[in-house]
Amino acid sequence: MTPTAEQPAVTVVGIGAEGWTGLGPAAREALATAEVVIGGPRQLALLPPACAGERVAWPSPLRPAVPKLLAEHAGRRLAVLASGDPMFYGIGRALAEEAGPAALHVLPHPSSVSYACARMGWAMQDVDVVSAVGRDPAALAGALHDGRRVLVLAPDATTPARVAELLRERGYGPSRMTVLEQLGGPAEHRVDGVAATWSAPAGDPLNVVAVECVRAPGAPRLPVVPGLPDDAYEHDGQLTKKYVRAATLAALAPAPGELLWDVGGGSGSIAVEWLRAHRSCRAVSVERDPVRAERITRNARALGVPRLKVLTGAAPGALAGLPVPDAVFVGGGLTGAGLLETCWAALPAGGRLVANTVTLESEALLTEWYRRHGGELTRLAVAQAVPVGSFTGWRQAMPVTQWSVVKPAEPS
């Protein structure tokens, strides 16, 4: 495929539930003159007989099939159908990644989010969007904050009931829910209710769930900044505590799109809060204990970041083959042979490494690395007020030694 700016290889047409009648002249012409039209069965069924090109339904799974289908139909006038706006949680992204942006001519249609906000009277810029299409709906938990409005893009008719169940489990049972079906089409329909008492039967598979978040009295309030309450996590004592965790995340300094290696995951709290920093952040948690690894997965789902990748295995061996990290946190196993050397070697210039310890042996190791590579060596001490008879005194937690460093560029 050798597209040019004058003649893109693929025309991507957004289409709504109303079908052909909702398309503009350019979109109609592209579909009517295409030699091949690729789309989902529902979308292809919306086309009239005048669109005489070969119709090809996307196979499942869809993403791996994209390069093969593009190669098979190279040189032919190719159109691809997409629901709504192809570049918003749509096939447009995969096509751009495979063929390159210059190969595409995109003709968007109003997205289901645009329609939903119009029906609800919500300003789009003030709404959070969670896609459950091909993704774990547990991500909704990360968007739950009292008073916020969330739209959930649904893969099927069971989604509203699953959303209601998750809201109840996470302490948001009083939240108001509206299921918007067949948006923009002649069969458009809505169902309103409250998550705590939601009992509506499954309706149309083409739906969006609008949620007005209301936190139940006594339900946990989870902030957006690092330092979630310790009891937000399931753990066996292997947990970086709240204040130390907040300082650790500050040193790791997550930014959108960056990848963290969380080595010696424990309960997964560092990786979880790295991911909560931004929806595009990525993380791999490496934990040798399979029981703890399963617990990390549960914590990630409960706290709205099911995308956390959990590897069961001992470092440094388990780190082999992982993508290059932007930051590495070592929370356990510091004295393991070759662990720090492997993590340091994996980091690119500008990458950050943060290691915490409470033992003298590991502290001595971090002191030596600090002497060789610089950075910051910090002791974090936290004390909490507790009853002492009829008075109050301080109870000191074990101090934590933290080494944080930014890897410099190699000398030229």
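The values are calculated or read from the model by the stated rules, or taken from the named source; none is laboratory data. Since we're looking at a predicted model, the values are computed, not measured. Note that we place each Cβ from the backbone using ideal geometry, even for glycine, and neighbour counts take in every protein chain shown. Only protein heavy atoms, including side chains, enter the accessible area calculation; ligands, DNA and RNA are left aside. Shrake-Rupley method; radii C 1.70, N 1.55, O 1.52, S 1.80 Å.
Quick notes
- Compactness of region 1-82 - radius of gyration and Dmax, Cα, Å: 12.3, 34
- Kirkwood-Stokes translational diffusion coefficient of region 136-188, alpha-carbon pairs, 10 °C, 1.306 mPa s, µm²/s: 131 µm²/s
- Cβ-Cβ FRET estimate between His278 and Ala52, R0 fixed at 51 Å, reported to 0.05: 0.65
- Separation between Cα centres of region 176-191 and region 219-268, rounded to whole Å: 38 Å
- Point-to-point label distance, His105-Arg76, nm (Cα→Cβ direction, 7 Å offset): 1.8 nm
- Nonlocal amide H pairs with Val214, under 5 Å, H built at 1.01 Å: Gly147, Ser175, Arg176
- More than 28 angstrom apart: percent of Cα pairs within the chain: 58 percent
- Computed on the Cα atoms alone, the convex hull of region 81-233 gives a volume of 136 cubic angstrom per residue.
- Pairs of Cα atoms nearer than 8 Å and 6+ residues apart set the relative contact order; for the chain it is 10 percent.
- Sorting Met398, Met177, Met120, Met87 by solvent-accessible area of protein heavy atoms yields Met398, Met87, Met120, Met177, largest first, with a 1.4 Å probe.
- Label zone at Arg298, where the point sits 7 Å out along the Cα-to-Cβ direction: region 146-175 residues whose backbone N lies under 18 Å: 166, 169-171
- Accessible surface, the chain, averaged per residue in Å² (probe 1.4 Å): 48 Å²
- Label sites at Leu360 and Met398, each approximated as a point 7 angstrom past Cα along Cα to Cβ, lie 1.4 nm apart.
- Net length available on complete extension from Arg42 to Ala26 is 3.6 nm, with 0.36 nm assigned per residue and the Cα-Cα distance removed.
- Compared with the direct C-alpha span, the chain from Ala320 to Glu35 gains 98.0 nm at full extension, assuming 0.36 nm per residue.
- Heavy-atom accessible area ranking, 1.4 Å probe, most first, across Asp236, Asp231: Asp231, Asp236
- Compactness ratio for region 224-281: Cα radius of gyration over 2.2 N^0.38 Å (N = residue count) comes to 1.04.
- Arg148 paired with Asp236, simple spin-label distance in nm, labels 7 Å along Cα-to-beta-carbon: 3.2 nm
- Label-reachable residues, region 207-247, where backbone N falls under 13 Å from a point 7 Å from Ala253's Cα toward its Cβ: none
- Sum of side-chain charges, Pro205 neighbourhood, beta-carbon under 11 Å (Lys, Arg +1; Asp, Glu -1): -2
- Set of region 146-175 residues, backbone N closer than 18 Å to the point 7 Å along the Cα-Cβ line of Arg93: 151-156
- Val56 sits with roughly 20 Å² accessible to a 1.4 Å probe, with DNA, RNA and ligands left out of the calculation.
- When region 261-412 is reduced to its Cα atoms, the Kirkwood hydrodynamic radius in Å: 16.7 Å
- DSSP-defined antiparallel bridges as percent of all bridges, the chain, nearest 5: 45 percent
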